[in-house]
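Let me begin by presenting the structure, written as C-alpha cells, before commenting on it.
Throughout, read-outs are computed from the coordinates displayed, never taken from laboratory work. Remember, predicted model here, so these are calculated numbers, not experimental data. We place every Cβ from the backbone using ideal geometry, glycine too, and count neighbours over all the protein chains shown.
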Amino acid sequence: MAEVKKAKAAPVKEEVKAAEVKTEAKVAPKAETKPEVKEAAKSEAKKLGRKPAVKKVAAKKETEKKAAVRKPAAKKAEVNETVNFQFNGKSYTPEDLVKSCKDVWKYDLNGKEEDIKSIELYVKPEENTTYYVINGDVTGSFFI
C-alpha cells in the first residue's frame, strides 16, 4: 500500500506544476486587457492556495506609464509669443489695451480693479476705437 500512495502523490505534483505554468502564461501577457483572464487567474491561485500576482503586474505598468508621461513634459521648451496691433503708424499690444480698459474702469466709471472678473475687447482699427465688455454687462468704448 505504501507504493500506491507514492504513485498517487507524484501525478498531483505534476498537475500542480502544470497549473502554475498555465497560470503564469495567462496572467503575464493579458492581465491588463481582459477581466476574464484576471478572474481565472485569481480562481486558479485560490485553488492552489496562493495570492494572485495580477495586482503587482498592473501596479508596475501604472508606475511605468506615469514615469513615461513625466519625462517628455520636462523636456518641453516654452514658446515666446508676442502679439502687436499696428495701424496708422501706431503699435499696441494686448497688454496695452487691457491696461487702457482698466484705466477707463477705474477713473471714468469709478470702479475698483478688484471688482473686474472678465474683460472682452474688440478692436476696430478703421475707427481708432476699442470696444469693451467688463464682467459681461458693462459696455463702452475708448479711442486708441
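Quick check for you: which residues of the range 98-129 have the amide N under 15 Å from the point 7 Å beyond the Cα of Phe85 toward its beta carbon?
Within reach of a label on Phe85, which here means backbone N under 15 Å from a point 7 Å along Cα→Cβ, the range 98-129 contributes 98-104, 119-129.
Going through the range 91-144, which trypsin sites (Lys or Arg not before Pro) have at most 13 other Cβ atoms within 10 Å and a DSSP loop state?
Those that pass, being in a loop and sparsely packed, are Lys112, Lys117.
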